[in-house]
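Colleague: Structure in structure tokens, see below.
Bear in mind these aren't lab numbers, they're just calculated from the coordinates by the rules spelled out. Owing to the predicted nature of the structure, the values given are computational and were not obtained by experimental measurement. Neighbour counts run over all protein chains shown; Cβ positions are idealised from the backbone, glycine included.
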Amino acid sequence: MQALTDKRILLGVTGGIAAYKAAELVRRLRDVGAEVQVVMTAAAQRFVAPMTFQAVSGRPVRSDLFDPAGEAAMGHIELARWADVILIAPASADFMARLAGGLADDLLATLCLATRAPLALAPAMNQAMWSAPATTANAERLVARGVHLFGPAHGVQACGDSGPGRMVEPGELVERLAGLFGPRDLEGVPVTITAGPTREALDPVRYISNRSSGKMGFALASTAAARGARVRLVAGPVALPTPPGVERIDVESAAAMYEAVLADPGEVFIGCAAVADYRVADVAGTKIKKHADTLMLKLVRNPDILATVAALPNRPLTVGFAAETDRLEDYARTKLTEKRLDLIAANWVGERAGEGGFDSDRNALKVFWPGGELDLGTDSKRGLAGRLLDLIVARRALSQEQP
Ligand code: PMT
């Protein structure tokens, strides 16, 4: 993780139970060679003692805007200039609201206003607080100002609820931070990515769909944007925030996804969506009533978006995914050849997926191309997105060298 070596990271810790994980985050940042200055809010100190952060960061913790000793050592404006990046982890709903409102009522909020460094937040709060309209509006305002949102992750929370609001794990936060200093090897390149499931209507209230959450496709979109790409993200129905700097087009059906992709497939096209292969031939105009014991539905094939893009006269570099429950490698190779792809990333779904596949934050990918293959191993979807993009950049460079 060389991108963070010698980087000066100002870590803001706000009040939330996830504050204890911030100590592990400091340790991991120092392991990759970063300097870390911790600034705590008053509420954060109710959860973890400043001494813990002083011990792991090797620096006195700052928390008071009016602390004469701290200000004498490094004034708050100087501290704001010192940082190469400010990361707030965990970022509470209250802190996000204060930031969105432009308040400077404590040291951390003041530093966020005074800095010119990139600012990133790892939200952590109860799922209902995250979904509250006020928090959603604050998050949107912050993203519109260029603030990077890392998460939140979904899962079981300290209060027993389950849903979005968990702080992204320290290891992934280190990766996301490194991404801010990573290569800009896709600068200005138009990249179109599909993500998530599609929904094929049966009637006005029912549909056929699948278990894709969109996490893999969104990780690709976010990483490609961080590397300078002009990303169009054509997303099926998913509950994920739009990554910063990404143009998002929401669609429902495979037909709508097909139209949105073909309007501008870019110079690189990545088909990560789990597109329904079939749709209902005649969608009922009103809710289907139950009468007989069985109901026959006639399904017709959807157009194959990936194969259509690969067959365009001026085709982009075309990358597919293969999601399989058996014979992963065989089916992936067949799809690579039959759809005439440049690359295909194969992953298990269903029982054999282990900790990867649908809806997980992690995955395992093996990539095939005509004449080669590479096992990218098991990692966070974000980490794998970076490695897949490395391969895409390398293939693009090769194809541009050829006349
Ligand atoms: O979304 P997550 O929960 O994070 O899960 C990630 C994932 C498992 C969905 C993802 O990694 C993945 O494998 N996506 C492709 C799923 C899929 O539909 O695979 P497939 O083997 O059925 O299709 C092969 C390829 O053809 C895919 O690139 C697909 O986007 C494309 N396709 C399929 C049918 C169709 N009509 N049009 C297409 O473009």
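Colleague: Name the residue from VAL32, ALA109, TYR20 whose Cα lies farthest towards the positive end of the charge dipole of segment 1-149, charges +1 on Cβ of Lys and Arg and -1 on Cβ of Asp and Glu.
Modeller: VAL32
Colleague: Hey, fewest Cβ within 10 Å first, where do SER209, SER63 land in order?
Modeller: So the residues, fewest neighbours to most, are SER209, SER63.
Colleague: Taking Rh as the Kirkwood radius computed over C-alpha pairs, what is the Stokes-Einstein D of segment 302-372 at 4 °C in a medium of viscosity 1.567 mPa s, expressed in µm² per second?
Modeller: Answer, rounded: 102 µm²/s.
Colleague: Please tell me the relative contact order of segment 155-270 in percent, rounded to the nearest whole number, where contacts are Cα pairs under 8 Å and at least six residues apart.
Modeller: It comes to 28 percent, rounded to a whole number.
Colleague: Give, to the nearest whole percent, the P(r) tail of the chain beyond 29 angstrom, counting all Cα pairs.
Modeller: 48 percent
Colleague: Oh, and also: Using Cβ counts within 10 Å as a stand-in for footprinting exposure, how do ILE88, ILE392, ILE208 rank, fewest first?
Modeller: Fewest-to-most Cβ neighbours within 10 Å comes out as ILE208, ILE392, ILE88.
Colleague: What percentage of all Cα-Cα pairs in segment 90-167 are separated by more than 15 Å?
Modeller: Taking all Cα-Cα pairs of segment 90-167, the fraction more than 15 Å apart is 54 percent.
Colleague: With runs of 4+ DSSP H residues as the only contributors, calculate the mean residue ellipticity of the chain at 222 nm using -39,500 (n - 2.57) per run, divided by the residue total and rounded to the nearest 500.
Modeller: About -10000 deg cm²/dmol.
Colleague: Indicate the gyration tensor shape class of segment 28-105 (rounded, prolate or oblate), computed on the Cα atoms with a ≥ b ≥ c the square roots of the eigenvalues: a/c under 1.5 is rounded; otherwise a/b larger than b/c is prolate and the rest oblate.
Modeller: rounded
Colleague: Order of LEU180, LEU121, LEU113 from fewest to most other C-beta atoms within 10 Å?
Modeller: Arranged by neighbour count, lowest to highest, LEU180, LEU121, LEU113 become LEU113, LEU180, LEU121.
Colleague: May I ask what percent, to the nearest 5, of DSSP beta bridges between residues of segment 110-218 are antiparallel?
Modeller: 80 percent
Colleague: Please report how far the C-alpha centroid of segment 272-330 lies from that of segment 236-266, rounded to the nearest whole angstrom.
Modeller: Taking the Cα centre of each part, segment 272-330 and segment 236-266 sit 16 Å apart.
Colleague: Which one, THR378, PRO183, LEU306, is farthest towards the positive end of the dipole of the chain when Lys and Arg carry +1 and Asp and Glu -1 on their Cβ?
Modeller: Positive-end residue among those listed: LEU306.
Colleague: For segment 348-403, I need the span (max minus min coordinate) of the C-alpha atoms along each principal axis, in Å, sorted largest to smallest.
Modeller: Sorted largest first, the three principal extents are 45, 21, 14 Å.
Colleague: What lysines does LYS287 reach when the alpha-carbon gap must be under 26 Å and sequence neighbours fewer than 8 apart in one chain are set aside?
Modeller: LYS298
Colleague: Between the alpha-carbon centers of segment 373-394 and segment 198-217, tell me the distance in whole angstrom.
Modeller: So the separation of the two Cα centres works out to 27 Å.
Colleague: Pick out the long, greasy-scoring helices in the chain: whole DSSP H runs spanning 24 Å or more along their own axis by Cα, mean Kyte-Doolittle at least -1.0.
Modeller: The qualifying helices are 381-401.
Colleague: On to the next question. Just check segment 1-136 against the gyration tensor rule for me: Cα atoms, a ≥ b ≥ c as the square roots of the eigenvalues, rounded for a/c under 1.5, and otherwise prolate or oblate depending on whether a/b exceeds b/c.
Modeller: Since a/c stays below 1.5, the shape of segment 1-136 is classed as rounded.
Colleague: Counting only the backbone N, which residues of segment 102-143 are under 17 Å from the spot 7 Å out from the Cα of ASP161 toward its beta-carbon?
Modeller: What the label zone holds, given the 17 Å backbone N cut-off, is 123-139.
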